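The next block holds one structure in the form of C-alpha cells; read it before the comments.
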Amino acid sequence: MLILRSLLFNVAFYANLILWLFLLLPGLLVPRRTFMQMVKLWGRTSIWLLRVIAGIKVEITGLEKIPPGGALVAAKHQSFLETFTIVTFLDDPTYILKRELMWLPIFGWHLAKAQCVPVNRKAGSLALVQMTQRAKEEAEHGRQIIIFPEGTRRPPGAPSAYKYGVAHLYQNLGFPCIPIALNAGLYWPRRQFIRRPGTVRIEVLAPIPAGLPRDEFFQRVQAEIETASNRLYEEGRRELGLGPASPSEATLSKA
C-alpha cells in the first residue's frame, strides 16, 4: 500500500506541477503580487495532494511570530516539500536560487516573474555582491527573502553544513531573520520514491533581530534551527514508530 500510494502521489504531484506551469502563463501578464497569489494556489494544491493521496499532513506552527514587511527567512532544507510549502504562508516571498534555473523554458519565466534572486556560483565573491544587492532591493519592497543556509537538501539527523552566505546576507540586508525548522525529510526523503504517511511539522521560530555581529548571528541561527529541527526529528521518529535516534545518530545531528 505504501508503494502504491507513493506512486500515485508522485504521478499526481508532477502532473499537477506541469499543469500549473501552463496555468501560470497568463500570470506573466498580471502584476507580480497577483502572480504570487497564483503560485500560492499551486503550493496549496500540492499540500492537498499530499494529504489525500500520500496521507501526509503538514502542520505549521509559529505563524504569529512572522513580523510584517521585509525579512530574511533561513529555513532547514530536507526535501522538495518545503520549497512549495513555505511560500504559502509568507506575505510576499521570493527565493535565492542558482542562476541556471532562470534559463529553463517556462519554469524560468515564472522565476523571473516572481523576481527571484539568482546567484551566479561561478562569479566567486562578485556573486555575493550581486546577490546581496538584489536581495536588499526586494526586502526594501517588503518581501521575505528565502534562503536555505546549507545550500542543498540534507537528510534528517545528518550533521549540519551551513554556508556563510546567510550571515553575509543578514549583515548587509539590515532586516530581521526568521528561522524555520522542520522534519520533512522523514516523510519525503531526498532522492527517494517513498512518501511516508504522517505529520510533517514546520515550525517558525522567533525572529532574530537585525544588527547582531555577523559571527554571533551565524552561530545563533544554526543553533536555533538545528535544536528545533532535532526536536521535530525525534517527534517524527516516534510517530513513524522508529524510536529515538541511536547515540551515534544523535551525536551526528548535533555536530
Next item on the list: Please determine, by comparing only the residues of region 113-129 that are farther than 21 Å from GLN171 by Cβ and in contact with a strand residue (DSSP E or B) (Cβ under 9 Å, 6 or more places away or on another chain), which one is surrounded by the most Cβ atoms within 10 Å (Cβ to Cβ).
Entry: CYS116
Note to self: Show the residue pairs meeting these rules: Cβ distance below 9 Å; 6+ apart or different chains; first residue within region 213-230 and touching a residue at least 12 places away in the same chain (Cβ under 8 Å); second residue assigned to a helix (DSSP H, G or I) and of a type in the set (Phe, Trp, Tyr).
What the structure shows: ARG214/TYR170; PHE217/TYR170; PHE218/TYR170; VAL221/TYR170
Next item on the list: Restricting attention to region 168-214, report how many residues are over 24 Å from GLU137 (Cα atoms) and either part of a helix (DSSP H, G or I) or of a type in the set (S, T, N, Q) (or both).
Entry: 6
Note to self: I need the full set of residues from region 130-175 which are hydroxyl-bearing (Ser, Thr, Tyr), surrounded by 18 or more Cβ atoms within 10 Å (Cβ to Cβ) and under 30 Å from PRO244 (Cα atoms), in order please.
What the structure shows: SER160, TYR162
Check: When you look at LEU41, is it under 22 Å from the mean Cα position of the chain (by Cα) and at negative phi, yes or no?
Finding: yes
Margin query: Which pairs turn up if I take residues in region 1-20 that are surrounded by 14 or more Cβ atoms within 10 Å (Cβ to Cβ) and modelled with pLDDT of 95 or more and look for partners that are assigned to a loop (DSSP other than H, G, I, E, B) and among the aromatic types (Phe, Trp, Tyr) with beta carbon separation below 6 Å, at least 6 apart in sequence or on another chain?
Written below: SER6/PHE193
Item checked: Complete set of residues in region 63-91 that are in contact with a Gly (Cβ under 7 Å, 6 or more places away or on another chain) and among the small types (Gly, Ala, Ser) -> GLY69, GLY70, SER79
Note to self: For region 46-65, which positions are surrounded by fewer than 17 Cβ atoms within 10 Å (Cβ to Cβ) and over 16 Å from ALA184 (Cβ atoms)?
What the structure shows: TRP48, VAL52, LEU63, GLU64, LYS65
Next item on the list: Those residues that are of a type in the set (A, V, I, L, M, F, W, C), free of Cβ contacts under 8 Å to residues at least 24 places away in the same chain and surrounded by 13 or more Cβ atoms within 10 Å (Cβ to Cβ), I need them from region 98-111; list them, please.
Entry: LEU101, MET102, LEU111
Margin query: Pairs needed: first member in region 52-65, more than 9 Å from GLY198 (Cα to Cα); second member anywhere, part of a strand (DSSP E or B) and of a type in the set (Ser, Thr, Tyr); C-beta distance under 6 Å; at least 6 residues apart or different chains.
Written below: GLU59/THR199
Next item on the list: Might you let me know whether region 194-201 holds any residue that is closer than 22 Å to ALA74 by Cβ and surrounded by 15 or more Cβ atoms within 10 Å (Cβ to Cβ)?
Entry: yes
Next item on the list: Looking only at region 21-45, count how many residues are surrounded by 15 or more Cβ atoms within 10 Å (Cβ to Cβ) and among the polar types (S, T, N, Q).
Entry: 1
Margin query: Show the residue pairs meeting these rules: Cβ distance below 7 Å; 6+ apart or different chains; first residue within region 141-170 and more than 17 Å from ALA184 (Cβ to Cβ) and modelled with pLDDT of 95 or more; second residue assigned to a helix (DSSP H, G or I) and among the acidic types (Asp, Glu).
Written below: ILE145/GLU138
Next item on the list: Considering only region 54-66, state which residues are assigned to a loop (DSSP other than H, G, I, E, B) and farther than 22 Å from CYS116 by Cβ.
Entry: GLY55, GLY62
Next item on the list: List the number of the failed condition for PRO197; all other conditions in (1) under 19 Å from the mean Cα position of the chain (by Cα); (2) touching a residue at least 12 places away in the same chain (Cβ under 8 Å) hold.
Entry: (1)
Checklist line | region 77-90 residues that are under 13 Å from ILE147 (Cβ atoms), paired with ones that are among the hydroxyl-bearing types (Ser, Thr, Tyr) and outside any helix (DSSP H, G or I) (beta carbon under 8 Å, 6 or more apart) | finding: HIS77/THR152; THR83/TYR95
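The values are calculated or read from the model by the stated rules, or taken from the named source; none is laboratory data. Everything numeric in this text was worked out from a predicted model, so none of it was measured. When we count neighbours, we look across all protein chains shown, and the Cβ atoms used for this are built from the backbone with ideal geometry, even at glycine.
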